[in-house]
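Structure record follows, encoded as structure tokens.
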Amino acid sequence: MSVAHHAESDRPIATDKLLRMYRQMWTIRLFEEKVNDLYTRALMPGLAHLYIGEEAVAVGICEALQSDDYITSTHRGHGHCLAKGGEPSLMFAELLGKETGYCRGKGGSMHIADPATGNLGANAIVAGSVGIATGAAFSSQQLGSKKVAVCFFGEGALGQGSLYEVMNLARLWQLPVLYVCENNLYNEYTHYSETTAGDILARPAAFGVPAESVDGQDVRAVHQAATRWVGELREGNGPAFLLCNTYRYRGHHVGDVNREYYRPKQEEQRWMSERDPIQVLGNWLIEGRLAAKAELDQVRAEVAAAIEQAAEFALKAPYPGVDQVEDDIYA
Ligand SMILES: Cc1ncc(C[n+]2csc(CCOP(=O)(O)OP(=O)(O)O)c2C)c(N)n1
């Protein structure tokens, strides 16, 4: 029951969808590089946790969703937000503390939510959104809306008891929630093997939750698995658990620059040169003659221009007035 592999029944992905996913991965990559640039130039207050290297997970999954399906996200949430349809300009504005930002500049990187695209929000608490996603799935089931909820979390959240409470209920009530574990190998500065006993997939299996592991650097594999599970959820056969094996290229956060005391440079280099999700898809498209290199270069150039424009918008945007300090305070 626990590990299901139906890859042989997966249908091929249409070329326009592959190209959209290619574009979306570049959008996340270049957005994040710009965030790092704004941080290093001291234009952005606070920190951010970059998603660079993990783009195929957010994009492959969100491309399998409808715009009113729900997602919940993490402290490393920019990629999820963009993949679900978030606006780069409003995200940059939020990161810079500007009034035009998603939370009027009061939330910053780890609190961006976008109800218009079904994004119920980033969450600074590890495993903090597992109850929110499961509750959203419960509401969808009660209302008969057919919406599904995707709960993104890092493998660090496997150490939080709340995940097991919600998986238990989700299974008992067959809720339409997909638990997506992004295993990028490190919980902050500790390899996950030092914190996580046993087989990860045995954990959902203990609750009878169907689970599968997928190459998180291969957007086609992620998308096909997500499409299959989202289909099951919509039919009332939830929940499910998808383990995406991936890697973050940069530090735990933008300030984590010297990383050799916890992971070797060669390891980073290997993932970047051999398993880069954008290159993996780009090479596959070119080799299969589904796209020419010039066409892919053009996509990157268009995204780069759009990201530059979005950042400019945010840099020029006004800060909230002092009179707004006490607005939106509830306790
Ligand atoms: C409940 C809780 N404990 C500790 C922290 C501090 N913290 C922030 S991120 C993190 C590690 C998260 O690792 P993982 O879930 O694997 O996500 P990743 O950063 O690898 O994407 C920790 C311990 C926190 N934010 N919340």
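The values are calculated or read from the model by the stated rules, or taken from the named source; none is laboratory data. Just so we're clear, the structure is a prediction, and the values are computed from it rather than from any experiment. Cβ coordinates were reconstructed from backbone atoms using ideal geometry, including for glycine residues, and neighbour counts include every protein chain displayed.
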When the residues of the stretch 75-84 are narrowed to those that are in a loop (DSSP other than H, G, I, E, B) and over 8 Å from the mean Cα position of the chain (by Cα), which ends up surrounded by the most Cβ atoms within 10 Å (Cβ to Cβ)?
84
Extreme residue, farthest from residue 141 (Cα to Cα), among residues of the stretch 218-264 that are out of contact with any Asp or Glu (no Cβ under 7 Å at 6 or more places or on another chain) and among the polar types (S, T, N, Q)
258
Identify the single condition in (1) among the small types (Gly, Ala, Ser); (2) closer than 26 Å to residue 205 by Cβ; (3) within 15 Å of the ligand (Cβ to nearest atom) that residue 121 does not satisfy, given that it satisfies every other one.
(2)
Let me confirm something: among 125, 112, 132, which residue is in contact with a Gly (Cβ under 7 Å, 6 or more places away or on another chain) and not hydroxyl-bearing (Ser, Thr, Tyr)?
112
Among the candidates 51, 22, 70, which residue alone is closer than 24 Å to residue 149 by Cα and touching a strand residue (DSSP E or B) at 6+ places or on another chain (Cβ under 6 Å)?
70
Restricting attention to the stretch 149-175, and to residues there that are in contact with a Ser or Thr (Cβ under 7 Å, 6 or more places away or on another chain) and more than 16 Å from residue 123 (Cβ to Cβ), which single residue is surrounded by the fewest Cβ atoms within 10 Å (Cβ to Cβ)?
169
With 251, 231 as the choices, which residue is in a helix (DSSP H, G or I) and out of contact with any helix residue (DSSP H, G or I) (no Cβ under 8 Å at 6 or more places or on another chain)?
231
Answer from 164, 186 - the residue that is in contact with a Phe, Trp or Tyr (Cβ under 9 Å, 6 or more places away or on another chain), in contact (Cβ under 8 Å) with a residue 60 or more places away in the chain and within 16 Å of the ligand (Cβ to nearest atom)
186
Among 159, 144, the single one that is of a type outside the set (Asp, Glu) and on the phi < 0 side of the Ramachandran plot is 159
If we keep just the residues of the stretch 188-206 that are within 21 Å of the chain's Cα centre (by Cα) and closer than 13 Å to residue 167 by Cβ, which is surrounded by the most Cβ atoms within 10 Å (Cβ to Cβ)?
204
Regarding the stretch 146-155, can at least one residue be identified that is of a type in the set (D, E, K, R), under 18 Å from the mean Cα position of the chain (by Cα) and closer than 30 Å to residue 316 by Cα?
no
Residue satisfying condition, being crowded, with 24+ Cβ neighbours inside 10 Å, farther than 16 Å from residue 244 by Cβ, of a type in the set (Phe, Trp, Tyr) and touching a residue at least 12 places away in the same chain (Cβ under 8 Å), within set 70, 39
70
Given the criterion touching a helix residue (DSSP H, G or I) at 6+ places or on another chain (Cβ under 6 Å), part of a loop (DSSP other than H, G, I, E, B) and farther than 22 Å from residue 246 by Cα, identify the matching residue among 105, 101.
101
Confirm whether residue 212 is charged (D, E, K, R), more than 16 Å from the ligand (Cβ to nearest atom), over 23 Å from residue 26 (Cα atoms) and modelled with pLDDT of 95 or more.
yes
Going through the stretch 146-161 in order, the residues found to be within 7 Å of the ligand (Cβ to nearest atom) and either of a type in the set (Val, Ile, Thr) or not in a helix (DSSP H, G or I) (or both) are 153, 154, 160
